[in-house]
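Encoded as structure tokens, the structure appears first; notes follow it.
Only the coordinates and a few stated rules stand behind these numbers; no lab work does. Since the structure is predicted, the reported quantities are computational estimates derived from the model, not experimental observations. Glycine gets a Cβ as well: all are built from the backbone with ideal geometry, and neighbour counts include every protein chain shown.
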Amino acid sequence: MIADTVLKRKGLDALSESLGLVDAERFISLILREPFDYTEWQRDLYKSISLDELYSNIKEFKEKKKASENR
């Protein structure tokens, strides 16, 4: 398990890389402003996808990430 500070830094880096700085800030602002139940959100997030499909998507993502890191 990594330290909280490292986790926050990696999370912010991932958001910024994925959304850009402005939209990452907007996202954080939205999360802080609105009531948010992470458990309920997570439960509903993958409701329409099978476990096998989710596993396949994760595996594909990891393989693409590994390939891009090896370039």
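Miscellaneous remarks
- From A24, A67, residue being touching a helix residue (DSSP H, G or I) at 6+ places or on another chain (Cβ under 7 Å) and in a helix (DSSP H, G or I): A24
- Unique match (being surrounded by 10 or more Cβ atoms within 10 Å (Cβ to Cβ), more than 22 Å from N57 (Cβ to Cβ) and not β-branched (V, I, T)) among L19, L12, L32: L12
- Test result for S56, surrounded by 11 or more Cβ atoms within 10 Å (Cβ to Cβ) and of a type in the set (S, T, Y): yes
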